[in-house]
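Q: The structure's right below; bear with me while I get my questions together.
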Amino acid sequence: MDAIPQSTITGISWPALPSPEASARLSIMYQLGRTQWWSAEALETNQFRQVNRLVRHAVSSTRFYHDRLTAAGIDGHTEITPEMFLKIPLLQRGDIQSRIKEMTSTAVPQGHGRIGVARSSGSTGQPIQIYSTSASQFFWMAFSLRDHLWHKRDFSRPYAEIRVGVENRDDARWGPAVSRVFPTGPAARLNIKESIDTQIRWLQKHRIYYLLSYPSNIREMAKKCLEAGILLPDLGQVRTFGETVSDELRDLCRRAWNVEVKDMYSSMEIGYMALQCPDHGHYHVMSEGVLLEVLDDAGNPCKPGDIGRVVITDLHNFATPMIRYEILDYAQVGAPCPCGRGLPVLKRIMGRQRNMMKMPDGTRRWPSFGMRQWPCAEKINQIQIIQKEIDLLVVRLVVKAPLTATDEQGITAIIRERAEYPFRVTFEYVDVIEKPANFKFDLFFSEV
Ligand SMILES: [Zn+2]
């Protein structure tokens, strides 16, 4: 049965008469419920109506975009077509770091509400900070709710988050994205600094049904549960964000807990960019909130099957307009989805540039190293592969039992086979593989 919104009129529970705020949210959900079925053409037409509003605003109220877009032949009156849009230079992280003041609007329309700050930690580069509005937040929450509705979540079930930046606490309700519209059950939040053992005990104690965390953390938990024979009979679904999800992780969650993984592609500075299709393992772009481009090395749009750089335009942030922002992720474009939704498809989110392997012939590729393939997987607690030089890979390991020369040779052979190149491979044994401050873990990264 569909969830019934919270009614705020005494004596009336069905159909609900929600609060003004919930009603506004539901009016967006009604629209999103319909626009998802629009054709790709209809979506693009309306995206460009919004792009034109955004660009006009950016040109007229920020020094940065005024200069940049005028130089690209666009002024406040130009009608921007998809072809013309491709000529706008990409916005880089460095631009935001050094020129945030000039990028930020001096005339945010009043209806956009309060201006707040959004920070993105970045795993390697400097953190960035931009401004956003209540209107942006409103869309953020709408896409969050869309994810719940797409995946038909039962809001009465216990919900948990294990992530950075939260205090350990129990709440009576899920959180504002859902609770301001629908009645919900309890939620619990745990900081990811807690050990894996503590996390598992905490999940058991709270009898959590929906769990949100990072793929690398879920992987460690699932491995631990499998090894120790710990069942989480209450767990019904895992939600992930922040890192790349592999088929291997999905398989691991099925084996450990008999649950499916539902992934989201989001960032602190943009919000939701793509959500997993309710019926398939790939993603739909949130075209009502972002214009997401996947570009090849020459800056042209990629075709289905191709992998390219992700470039994002946030359609609704009128505080710090984000126009053609190179977010430093790579994704593979997918063919239209058989589910019938017109929202564009991303087949896979690949990760960041540093997760690409540089080949001695100058090409780059995405390596696929999964845990299960190692010949001595049962001896390995954790593994990370780092490209230190153009022909050298270092395998960093936390092991339960020492590896033999044969084990190392087996790993080397698999790495060379997967990489399709006879890399030099060395081994480094450590007590723990430290995670960066934002807890995003890279199974593979390149320092070259
Ligand atoms: Zn679909």
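Q: Does any residue in the range 47-62 that is under 12 Å from T78 (Cα atoms) come within less than 7 Å, Cβ to Cβ, of a residue that is in a helix (DSSP H, G or I) six or more places away or on a different chain, and which pairs are these?
A: From the range 47-62, the pairs are V51/F85; V55/L69; V59/Y65; V59/H66; V59/L69.
Q: List, please: which pairs have Cβ atoms under 6 Å, are six or more places apart or on different chains, and start with a residue in the range 242-271 that is within 17 Å of S216 (Cβ to Cβ) and end with one that is small (G, A, S)?
A: E243/S216; T244/G351; E248/G370; L252/A222; C253/A222; A256/A222; Y265/A274
Q: So which of R201, R239 is out of contact with any Ser or Thr (no Cβ under 7 Å at 6 or more places or on another chain), assigned by TED's automatic domain parsing to the domain that holds N258, under 25 Å from Q276 (Cβ atoms) and charged (D, E, K, R)?
A: So the residue among R201, R239 that is out of contact with any Ser or Thr (no Cβ under 7 Å at 6 or more places or on another chain), assigned by TED's automatic domain parsing to the domain that holds N258, under 25 Å from Q276 (Cβ atoms) and charged (D, E, K, R) is R239.
Q: In addition: Tell me which of these A331 doesn't satisfy, since it passes every other one: (1) more than 16 Å from the ligand (Cβ to nearest atom); (2) outside any loop (DSSP other than H, G, I, E, B); (3) crowded, with 19+ Cβ neighbours inside 10 Å.
A: Result: A331 fails condition (1) only.
Q: Assess whether A298 counts as being within 14 Å of the ligand (Cβ to nearest atom), without any contact (Cβ under 8 Å) to a residue 40 or more places away in the chain and farther than 20 Å from W140 by Cβ.
A: Considered against the rule, which asks whether it is within 14 Å of the ligand (Cβ to nearest atom), without any contact (Cβ under 8 Å) to a residue 40 or more places away in the chain and farther than 20 Å from W140 by Cβ, A298 comes out as no.
Q: Could I ask something else about it? In the range 275-287, which residue that is more than 7 Å from the ligand (Cβ to nearest atom) and in contact with a Leu (Cβ under 6 Å, 6 or more places away or on another chain) is farthest from A335 (Cα to Cα)?
A: S287
Q: Okay, moving on. For E326, state whether it is buried (at least 22 other Cβ atoms within 10 Å of the Cβ), modelled with pLDDT of 95 or more and either away from the ligand (no atom under 14 Å from the Cβ) or assigned to a loop (DSSP other than H, G, I, E, B) (or both).
A: Judged against the criteria, E326 is not a match.
Q: Next question, about the same structure. Which residues, counting only those in the range 157-179, are modelled with pLDDT of 95 or more, loosely packed, with under 14 Cβ neighbours inside 10 Å and in a loop (DSSP other than H, G, I, E, B)?
A: N168, A172, listed by residue number.
Q: In addition: Given Q129, Q50, which one is surrounded by 13 or more Cβ atoms within 10 Å (Cβ to Cβ), in a helix (DSSP H, G or I) and within 24 Å of the chain's Cα centre (by Cα)?
A: Q50
Q: Now for a different question. Mind checking which pairs have a first residue in the range 186-208 that is among the β-branched types (V, I, T) and a second that is in a strand (DSSP E or B), Cβ under 9 Å, 6 or more apart or different chains?
A: Hits for this filter: I192/I162; I192/R163; I192/S213; T198/L190; I208/Y159; I208/A160; I208/A188.
Q: Picking from K152, K193, which residue would you name as being in the same structural domain as N258 (by TED's automatic domain parsing), more than 30 Å from V55 (Cβ to Cβ) and at pLDDT below 95?
A: Checking each option against the conditions leaves just K193.
Q: Further, regarding this structure: Of everything in the range 230-274, what is of a type in the set (A, V, I, L, M, F, W, C), crowded, with 24+ Cβ neighbours inside 10 Å and either within 16 Å of the ligand (Cβ to nearest atom) or within 26 Å of N317 (Cβ to Cβ) (or both)? Give them in sequence order.
A: Matches in the range 230-274: I270, M273, A274.
The values are calculated or read from the model by the stated rules, or taken from the named source; none is laboratory data. Source: prediction; values computed, not measured. Virtual Cβ from ideal backbone geometry, glycine too; neighbours counted across all protein chains shown.
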